Amino acid sequence: MNKLTKICAASALAFASSQSFAADVTIKIQNLTQGMYFTPIAAVAHTTDTSLFEVGEEASPEIQEMAEGGSLAGLTTIATAISADVLAEPTAGPLGPTESVSGTFTTADGNTVLSVVAMILPSNDGFIGLDNWTIPTEAGTYTVYLNAYDAGTEANDEIVGSGAPGMPGMPAPPFLTLGTGGSGVTAVSSNTNVHIHPGNIGDDDASGGASDVTNSIHRWLNPVAKVTVTVN
């Protein structure tokens, strides 16, 4: 069985493939942020006529599920159904600043593009995204830098909540130190399509203010992740 391995900590790998093999591909994903975390990551090799998400278009329910709560269940189900090759870590812990995960799969014939997604924490519906990047046919090592996207499915209120899809508020897992009592940065999502994330605003009031996010820790600029792809 293939494995997706977190540097300094092993992670489980879900692998799905049902067609003839074409290329061995190793993928390494690194968190470039100062204080943000990534939920379990999905890296999917698939055909050019499908997409996990499209910038400027409405997010699917499966992308909403991932971007608001970190779940990969819907996305991996769809990927398996279309015979995509999937590297995922649905039971793994968070990927913290400077940390990396890596894994290798053998792509099926026709699965020529790569997509990568994972929720960013803390955020309401932010995620790292790579959309239909063409996997090189020539052996070598290639580097791609990923931006943070906003799914457009939830207002960026920056208040701790359930994290359930369709419900306001950010998830607050125990590894994050967040504030309480925030009044909310905004209650409106002005762009309801997938778009570049405007970033967290935050504040320095741990028991009030507008945000439950700490402005000296939980802010970022793009790019937020580095993907290194090795084709053998």
Query raised in the report: Within the range 81-90, can one find any residue that is farther than 30 Å from Asp212 by Cβ, touching a residue at least 12 places away in the same chain (Cβ under 8 Å) and touching a helix residue (DSSP H, G or I) at 6+ places or on another chain (Cβ under 7 Å)?
Result: yes
Report task. With the condition kept exactly as written, say whether any residue in the range 202-224 is under 30 Å from Thr134 (Cβ atoms), touching a Leu at 6+ places or on another chain (Cβ under 7 Å) and buried (at least 20 other Cβ atoms within 10 Å of the Cβ). Result -> yes
Report summary line: Filter the range 97-112 for residues that are crowded, with 16+ Cβ neighbours inside 10 Å and hydroxyl-bearing (Ser, Thr, Tyr); the one that is farthest from Ala23 (Cα to Cα) is Ser100
Query raised in the report: Looking at the range 2-27, which of the residues that are in a loop (DSSP other than H, G, I, E, B) and either modelled with pLDDT of 95 or more or not polar (S, T, N, Q) (or both) is surrounded by the fewest Cβ atoms within 10 Å (Cβ to Cβ)?
Result: Cys8
Query - Every pair of residues 6+ apart whose Cβ atoms lie under 7 Å, when the first sits in the range 213-229 and is aromatic (Phe, Trp, Tyr) while the second is surrounded by 21 or more Cβ atoms within 10 Å (Cβ to Cβ) - result: Trp220/Thr33; Trp220/Met36; Trp220/Ala148
Query - From Gly169, Gly182, residue being within 20 Å of Arg219 (Cβ to Cβ), small (Gly, Ala, Ser) and under 19 Å from the mean Cα position of the chain (by Cα) - result: Gly169
Query raised in the report: Could you say whether any residue in the range 28-35 is in contact (Cβ under 8 Å) with a residue 40 or more places away in the chain, part of a loop (DSSP other than H, G, I, E, B), surrounded by 17 or more Cβ atoms within 10 Å (Cβ to Cβ) and under 12 Å from the mean Cα position of the chain (by Cα)?
Result: no
Query raised in the report: When only residues in the range 126-166 that are aliphatic (A, V, I, L, M) and over 15 Å from the mean Cα position of the chain (by Cα) count, which is modelled with the lowest pLDDT?
Result: Ala164
Requested in this report: Taking only the range 65-85 into account, find how many residues are buried (at least 21 other Cβ atoms within 10 Å of the Cβ) and either in contact with a Pro (Cβ under 6 Å, 6 or more places away or on another chain) or under 22 Å from Pro136 (Cβ atoms) (or both).
Outcome: 6
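Each row is one residue, and each column tells you yes or no for (1) over 15 Å from the mean Cα position of the chain (by Cα); (2) of a type outside the set (D, E, K, R); (3) within 15 Å of Val116 (Cβ to Cβ).
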| site | (1), (2), (3) |
| --- | --- |
| Ala67 | no, yes, yes |
| Gly74 | no, yes, no |
| Asp85 | yes, no, yes |
| Ser100 | no, yes, yes |
| Phe105 | yes, yes, yes |
**Report entry** Residue ID - surrounded by the most Cβ atoms within 10 Å (Cβ to Cβ), chosen from residues in the range 173-192 that are in contact (Cβ under 8 Å) with a residue 40 or more places away in the chain and closer than 15 Å to Asp125 by Cβ
**Finding:** Thr192
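Residues being in a strand (DSSP E or B) and within 14 Å of Pro122 (Cα to Cα): count how many of those fall in the range 193-228.
Final tally of qualifying residues: 2.
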Query raised in the report: Using beta carbons and a limit of 9 Å, which pairs, at least six apart or on different chains, have the first residue in the range 95-122 and of a type in the set (Asp, Glu) and the second one outside any strand (DSSP E or B)?
Result: Glu99/Ile7; Glu99/Cys8; Asp109/Gln19; Asp109/Ser20
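Would you pick out the residues in the range 176-197 that are over 15 Å from Met119 (Cα atoms) and not hydroxyl-bearing (Ser, Thr, Tyr)? Explain how you work it out, then say what you get.
Looking only at the range 176-197, we keep the residues that are over 15 Å from Met119 (Cα atoms), and these are 177-193.
Listed by number, the residues that qualify are Leu178, Gly179, Gly181, Gly182, Gly184, Val185, Ala187, Val188, Asn191, Asn193.
The values are calculated or read from the model by the stated rules, or taken from the named source; none is laboratory data. Being a predicted model, the structure only gives us computed values, none of them experimental. Backbone-built Cβ (ideal geometry, glycine too); neighbour counts: all protein chains shown.
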